[in-house]
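The values are calculated or read from the model by the stated rules, or taken from the named source; none is laboratory data. Source: prediction; values computed, not measured. Because the Cβ atoms are built from the backbone with ideal geometry, glycine has one as well, and the counts that use them run over all protein chains shown.
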Amino acid sequence: MAILEIKKFNEPVLRKKCEKVKKVDEEIKKLIVDMAQTMKEEQGIGLAAPQVGVSKRVIVVQTDLEGRRILALVNPKIIKKSQEKEKDEEGCLSFPGIFLEIKRAKEVEVEGLDIKREKIKLKAKGLLARVFQHEIDHLDGVLFIDRISFWQRLKIRKKLQQRDPAA
Ligand code: CO
């Protein structure tokens, strides 16, 4: 097991569309274990592979409030989304200290492969639905700052630049 380095907002890997995983092999399993450990260490509730520099369609999410249950999904897909949306505050491990109000579908249905290569399908609502949408966005190179208004984005960019002039 290893704690991986989290890629921050200005790293190109976060903007790439990730490749589909062809086989859940030992390498992918190791990646999942390391991502789960990294997420715990960083106290996140979701993490996508590009955030640790791997451009593959793998996510890990915490599925309970206590943080004991972690679910990994390979090639996850949102197959259903509720019309009803909800606005709530979101953070991202690649944007430390930035919290944004983002509108997302209230409920989603997600499918993918688990670590045992079994196909799973699940329904999520509220925070968990939000985490799935946020992490699956990462796999398409979409970041939560893309889901706010232009003016809000300018403000955030300024804030980030003060911290890191290369941003
Ligand atoms: Co994120």
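Here are the numbers for this structure:
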quantity: Residue within the range 92-108 that is within 12 Å of the chain's Cα centre (by Cα), crowded, with 17+ Cβ neighbours inside 10 Å and either among the charged types (D, E, K, R) or on the phi > 0 side of the Ramachandran plot (or both) present; calculated: no
quantity: Filter pass, ILE59 being outside any loop (DSSP other than H, G, I, E, B), surrounded by 20 or more Cβ atoms within 10 Å (Cβ to Cβ) and either touching a Phe, Trp or Tyr at 6+ places or on another chain (Cβ under 9 Å) or among the aliphatic types (A, V, I, L, M) (or both); calculated: yes
quantity: Qualifying residue in the range 19-36 (condition: within 16 Å of the ligand (Cβ to nearest atom), under 23 Å from LEU122 (Cβ atoms), at pLDDT 95 or above and aliphatic (A, V, I, L, M)); calculated: yes
quantity: Cβ pairs under 6 Å, 6+ apart, first in the range 84-95 and touching a residue at least 12 places away in the same chain (Cβ under 8 Å), second more than 8 Å from the ligand (Cβ to nearest atom) and β-branched (Val, Ile, Thr); calculated: GLU90/ILE102; LEU93/ILE6
quantity: Filter result for the condition that a residue is modelled with pLDDT under 95 and more than 14 Å from the chain's Cα centre (by Cα), over GLN83, GLN161; calculated: GLN161
